[in-house]
1. Could you tell me the calculated FRET efficiency between N139 and E46, based on Cβ-Cβ distance and R0 = 41 angstrom, to the nearest 0.05?
2. Residue by residue through region 89-97, which ³J(HN,Hα) values in whole Hz follow from phi under the Karplus form 6.51 cos²θ - 1.76 cosθ + 1.60 (θ = phi - 60°), with glycine and proline marked x?
3. Between F407 and A35, with labels modelled 7 Å along Cα→Cβ, what's the label distance in nm to one decimal, could you check?
4. Give, rounded to the nearest 20 debye, the magnitude of the charge dipole that the chain has about its Cα centre when Lys and Arg contribute +1 at Cβ and Asp and Glu contribute -1 at Cβ.
5. Can you list the equivalent-ellipsoid semi-axes of region 358-430, largest first and in whole Å, using the square root of 5 times each Cα gyration tensor eigenvalue?
6. Just order 308-320, 362-374, 269-281 by mean Cβ neighbour count inside 10 Å, highest at the front, would you?
7. Angle check, please: helix 319-330 long axis (alpha carbons) against the longest principal axis of the chain (alpha carbons), in degrees 0 to 90, nearest 10.
8. Nearest 10 degrees, 0 to 90: what angle lies between the long axis of helix 2-13 and the longest principal axis of the chain (Cα atoms)?
Amino acid sequence: MKKSILSLLLCVLSAACFAQKHKCYTDEANAHYMAMDKKYQQTKKEYESAVQEWIAANRHTLKTNGGGLVATIPVVFHVVYKNATQNIADSNIFRQIEILNECYRRTNANFGQTRPIFDSIAADVQIEFCLAQLDPSGNPTQGITRKSAPSNASFDILFNMDKVKSSATNGQDPWPNDQYLNIWVCDMSLFGIPFVLGYATFPGSNPLLDGVVLQYNFVGLQSNGTSSNLGKTAVHEVGHWLGMRHIWGDGQGSSTLCDSTDYVDDTPNADTASQQTCLVKNSCSNESPYWTNAGVDPPDMIENYMDYSYDACMTMFTEGQKARILGFLTTTRSTLITSPAGCNPIGLTNTTKPEDAIALFPNPATNNLNFKTNGRSDLIVSFTDALGRKLGSYPITENNSVDISDFRAGILFYEITEHGKKIQAGKVVKMD
Ligand SMILES: [Ca+2]
Ligand SMILES: [Ca+2]
Ligand SMILES: [Zn+2]
């Protein structure tokens, strides 16, 4: 930690190193938590073993049907601002949620640029994110909190890391981390230099610190004058929060030996991060059995969200990373899947308030699912099962119902469009 503080100080003194090494501060933050908390060291080891065991036990299922697990994770954004610019618009947050969903469901528009050697192992991670519909007290919420901090408050990671996570230090307290993904948005710049774009806690971290912190002008689509302007910082940081490591394995000192691992077989080894470019390289030839068994020495996977490439070059997670994510979601973070926090409609407009949302009932449902449409028209509901299979689309009108008796029991994901535009998504439980 001392070494990284020194290197950061040197970094601050040299504008040229801006964001070269510290685009993401997760690895350094984790080292800090490990040093400060021996219990966390132990917990993290145990969680890692549990995930490895889960992956080993479910390897076959994962390959054949994706594990059958799909989760929608309720998110709360805490915007902590010192001026109007830092108080980012709802629209940035809505777009960020959409970008997360595009990347984790592999519906990102730039997926087609994935090189052929990698596109067959690019995963639909089968996770979606939504803004929470209920706050911890059970009251309707938009899934966004806003807090004005005094102008002399500091949230830089060098001297004031995690202060944004507590109201006692001018920040915002987290919502329960077993029900919500907390994402804090603030200004982490020091001496006016925003040299960290974000950081996250790994599964098993202190519940009061658990979540993601994002530099305010890197949320959603932003004109921030950098190549990290397409909302991929959040995709990367949420990846850490779900248990993923950097694809070069965060090798320190011995990194040129290509001997560090991200605990994922199908992400090729890399000696270090891509230096925030789209430069094609092949830095390691000692690869995992996944590649050597096929007699292939793959290039570094600059397409991966867990590298440091330009946002525009990032297109994918791998099947191996997906297994790791589902492992953590099934073990350490399993309560998120059944969180009662609900989902707000995801959209580009901020006009749909929770009370305007279309109600689906009963939930769970056995035969008929009813809709209360609040006078809306030209609505279509589509259902997908937990394996991503489309089950059907149906027009809905006020107080009509859809017969779901033929659907198999389990979680159903629905999406509602109004005049062809997606206005709401969520899940209902089908019972036999
Ligand atoms: Ca790997
Ligand atoms: Ca290689
Ligand atoms: Zn990172």
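1. Result of the calculation: an efficiency of 0.70.
2. These are the phi-based 3J(HN,Hα) values: 6, 3, 4, 4, 6, 4, 5, 4, 4 Hz.
3. Each label point lies 7 Å from its Cα, and together they span 5.1 nm.
4. That gives the chain a dipole magnitude of about 500 debye.
5. 19, 14, 10
6. 308-320, 269-281, 362-374
7. 70 degrees
8. That helix lies at roughly 90 degrees to the long axis.
Only the coordinates and a few stated rules stand behind these numbers; no lab work does. Just so we're clear, the structure is a prediction, and the values are computed from it rather than from any experiment. As a convention, Cβ positions derive from the backbone with ideal geometry for all residues, glycine included, and neighbour counts pool all protein chains shown.
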